[in-house]
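As structure tokens, the structure follows; a few thoughts come after it.
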Amino acid sequence: MAKKKRRTNKTAPSFSADYRTGSSAPVQDRDDTELDDFLPEGETLPDDGALSKWEDEPGGMPPPIPSSAPDRSARRRGTRRYGVLLGSFVLLLALVGVVSLAGMIGTHIYERATDDSALRAYDSMLSCIVMQDPEPFESPEEADPVFVQNAALWKSILEKRSEWTGYDDNGLAVIPLGVVASAAQELFGPDYSLSPSNPSEETFYTYDSTDNTYHVSVFSSDSAMTPYTESSRREGDATVLTVGYVLPTDPYRTQDTPSGADSVAPSPTKYMEYVIKTDAETGAEYVYAVREAG
């Protein structure tokens, strides 16, 4: 048997490095001039002394650079707080405006609903007629002439004092026929023609046909009934009023109410309907008819 030939190990040449001299080798200086070229104009790299100072401090880190982030956060919080306050103020003003507008509208509606000034104006217009307590009539021509004369005289007494001509020897007021005739037309329309006459019974006036004057005993009308117009409605070209007759003893007229209490409402003893028409030329209203209340 042939013997195997032993393979000889060829050892690679050994390599070793000497690092002992590495620490003592001089460090190549940086080219600060080249690095400065990458910095903004006017800025340079810090010198080694400044770096050494940072390294000598505990922790070996440079001091932190103050940050503006907290200031920006505080400004944002302040801006948000201001916005919230401003928004709340605007909402408050809007709420006050809405409440004020609602109050004004409510007051206007209440005043319109409770305003009876137009009805009270009819009370003044009808007072000289209601105090006569007339019988119903369907037109001025159908009205009792004595009633019309009495109503016209009372209107002359209450509203036309400046047109009297004075007083007679008995102390009676002297009122010309023309004044009373004009009052009758104001009450019953421009086409009404007054028929002057002496009353058949003794009353508060006499008529003197010789000089066409009325001699009138003037006294208070407080003892007569007064009107209280409760409602109105339209009927064709006319206005129909529902008028209450209030006695002089009614608490509404005497105002016999407890101290501090509101004024009491009247309690009419009867109601009548008054038909009111308008003079096309002057626009003045007058009584055209008186009816029983339905």
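Nothing in this text is a laboratory measurement; each read-out follows from the coordinates by a stated rule. These figures come from a predicted structure and were not determined experimentally. Please note: Cβ atoms are built from the backbone with ideal geometry, for glycine as well, and neighbour counts cover all protein chains shown.
For the reader, a short list of remarks on this structure follows.
- Contact order for segment 123-216, expressed relative to its length and based on alpha carbon pairs under 8 Å spaced 6+ residues apart, stands at 25 percent.
- Dipole magnitude of segment 224-292 about its Cα centre (Cβ charges: Lys, Arg +1; Asp, Glu -1), debye to nearest 20: 140 debye
- Local net charge near TYR245, Cβ-Cβ under 9 Å (Lys/Arg +1, Asp/Glu -1): 0
- Local electrostatic count at GLY283 - Lys and Arg +1, Asp and Glu -1, tallied over other residues with Cβ under 15 Å: -4
- Spin-label model, GLN255/ARG80: points 7 Å from Cα along the beta carbon direction are separated by 6.6 nm.
- Estimated at 0.36 nm per residue, the fully extended path between ASN170 and ALA293 surpasses their Cα-Cα distance by 40.0 nm.
- Global size of segment 170-294 as Cα Rg and Dmax, reported in angstrom: 18.4, 57
- FRET efficiency, 1/(1 + (r/R0)^6) with R0 51 Å, evaluated for THR210 and ALA265 via beta carbons: 0.55
- Cα-based Rg of segment 123-216 normalised by 2.2 N^0.38 Å, two decimals: 1.03
- Gain on full stretching of the segment that runs from ASN198 to VAL90 - 0.36 nm per residue minus C-alpha separation: 31.0 nm
- Rg ratio (alpha-carbon, reference 2.2 N^0.38 Å) - segment 224-292: 1.39
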